[in-house]
1. I'd like to know if the stretch 108-126 contains one or more residues that are touching a Pro at 6+ places or on another chain (Cβ under 8 Å), of a type outside the set (A, V, I, L, M, F, W, C) and not in a helix (DSSP H, G or I).
2. Against the definition (crowded, with 22+ Cβ neighbours inside 10 Å, farther than 15 Å from Ile334 by Cα and touching a Cys at 6+ places or on another chain (Cβ under 7 Å)), how does Ala252 come out, yes or no?
3. Leu73 versus (1) farther than 22 Å from Tyr36 by Cα; (2) touching a residue at least 60 places away in the same chain (Cβ under 8 Å); (3) not in a helix (DSSP H, G or I); (4) not aromatic (Phe, Trp, Tyr): which is the lone unmet condition?
4. Considering only residues of the stretch 224-263 that are in contact with a Pro (Cβ under 7 Å, 6 or more places away or on another chain) and not in a helix (DSSP H, G or I), which is farthest from Leu20 (Cα to Cα)?
5. For the stretch 256-294, give me each residue that is over 17 Å from Tyr204 (Cβ atoms), of a type in the set (Gly, Ala, Ser) and without any contact (Cβ under 8 Å) to a residue 40 or more places away in the chain.
6. Would you pick out the residues in the stretch 29-45 that are over 15 Å from the mean Cα position of the chain (by Cα) and either among the hydroxyl-bearing types (Ser, Thr, Tyr) or buried (at least 22 other Cβ atoms within 10 Å of the Cβ) (or both)?
7. Which numbered condition in (1) surrounded by 14 or more Cβ atoms within 10 Å (Cβ to Cβ); (2) under 23 Å from Arg45 (Cβ atoms) is the only one that Glu344 fails?
Amino acid sequence: MKILVTGAAGFIASKIMAMLALRGDEVVGLDNINDYYDVRLKYGRLCENGFCEVSGQPFVEVPFAKMLVSSVLPGARFVRMDLADKDSIDKLFAEEKFDKVVHLAAQAGVRYSITNPYAYMQSNMVGFMNILEACRHNQVKHLLYASSSSVYGLNSKVPYSEDDKVDCPVSLYAASKKSNELMAHAYSKLYGIPMTGLRYFTVYGPWGRPDMSPMLFARAISKGESIKVFNNGDMIRDFTYIDDIAEGSVHALDHMPVAEQCENGVPYKLYNIGCSHPVKLMDFIAEIESAYGESAKKEFLPMQPGDVYQTNADTTKLETECGYKPHWSLHDGIAEFMKWYKSEKNPLRDF
């Protein structure tokens, strides 16, 4: 099976790419390696997957359009490319003839969408449209794409179910992800392309993004700085370890929607993917403190624009239909994260 994984220098996609390659799939990773956050982390992930200039050393710069071959993942390649570059995307699909696509590339971050809205339109809307068109014209058998728990917005009912209404987003990021779901459904209906959307909940673990709470908290503790605790600590999140998220994504990829088994005969599915064991923010901070071996200074702040009080996934549908079952406890997951954070593998450890 030949599979394209977009966002392959990102947190979740880099892990999925490795899983697919190690089980025997031919995988091509794609990423534009933008500077939304420190690119050393992105190059570090690429190096972890064998895309290194010199063995064990990350690239200083990956040129656009050059196809790189992994030294550790059998049959895996990587190309730097921008989703908004329609001509390059069309050429890649025409040459490679992908069987399936895992589309995780997107402009991430809720708070960043407040100050940089156009970045979300270019990547999450134009880029996704280019992927849909490329799948349409190149007989892709299944498109798996990333949505987000943020689509639930002001929904007060918990745990969140795929059947809940998602008509009240509280950030442009959430609105762009809801738009992706609508676009994918339309293309699935019009052209019969099987499509699966995954509403990712809060993901953590080694190689996580530096703007997410585990990295922010660990860095603050290591520097003796205060951590920002929003809504005065009264927040709840469905923290899920990266290995569980990646395995669940692969399960969903392997369970291609069948029109006859889907609503209105459209080969389209939406799933929550999380841990289903929500954790209070202060308990999460306590796990970070325990694993680090030091207490954190805390700065209590009000709720930020675009944030929600609680996220809690009902993952029954994904478990029943795709065999998904998270295994990692928060305690063990945080321990693994902190082990990586303190190691030489972490390119941001001393910064």
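1. If we filter the stretch 108-126 for residues that are touching a Pro at 6+ places or on another chain (Cβ under 8 Å), which is where we start, we get 111, 114.
Now narrow it down to the ones that are of a type outside the set (A, V, I, L, M, F, W, C): 111.
Subsequent filtering for residues that are not in a helix (DSSP H, G or I) retains 111.
Yes; the residues of the stretch 108-126 include at least one that is touching a Pro at 6+ places or on another chain (Cβ under 8 Å), of a type outside the set (A, V, I, L, M, F, W, C) and not in a helix (DSSP H, G or I).
2. Details: crowded, with 22+ Cβ neighbours inside 10 Å: yes; farther than 15 Å from Ile334 by Cα: yes; touching a Cys at 6+ places or on another chain (Cβ under 7 Å): yes.
Spelling it out, Ala252 is indeed crowded, with 22+ Cβ neighbours inside 10 Å, farther than 15 Å from Ile334 by Cα and touching a Cys at 6+ places or on another chain (Cβ under 7 Å).
3. Here Leu73 clears every test but (2).
4. Within the stretch 224-263, the match that is farthest from Leu20 (Cα to Cα) is Ile236.
5. Matches in the stretch 256-294: Gly265, Gly293.
6. Result: Tyr43, single match.
7. (1)
To keep it simple, each residue is scored yes or no on (1) crowded, with 20+ Cβ neighbours inside 10 Å; (2) in a strand (DSSP E or B); (3) touching a residue at least 60 places away in the same chain (Cβ under 8 Å).
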{"site": "Glu181", "(1), (2), (3)": "no, no, yes"}
{"site": "Lys189", "(1), (2), (3)": "no, no, yes"}
{"site": "Gly197", "(1), (2), (3)": "yes, yes, yes"}
{"site": "Pro206", "(1), (2), (3)": "yes, no, yes"}
{"site": "Ala218", "(1), (2), (3)": "yes, no, yes"}
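The values are calculated or read from the model by the stated rules, or taken from the named source; none is laboratory data. Keep in mind that this is a model prediction, so the values were computed, not measured. Cβ atoms come from the backbone with ideal geometry, glycine included; neighbour counts cover every protein chain shown.
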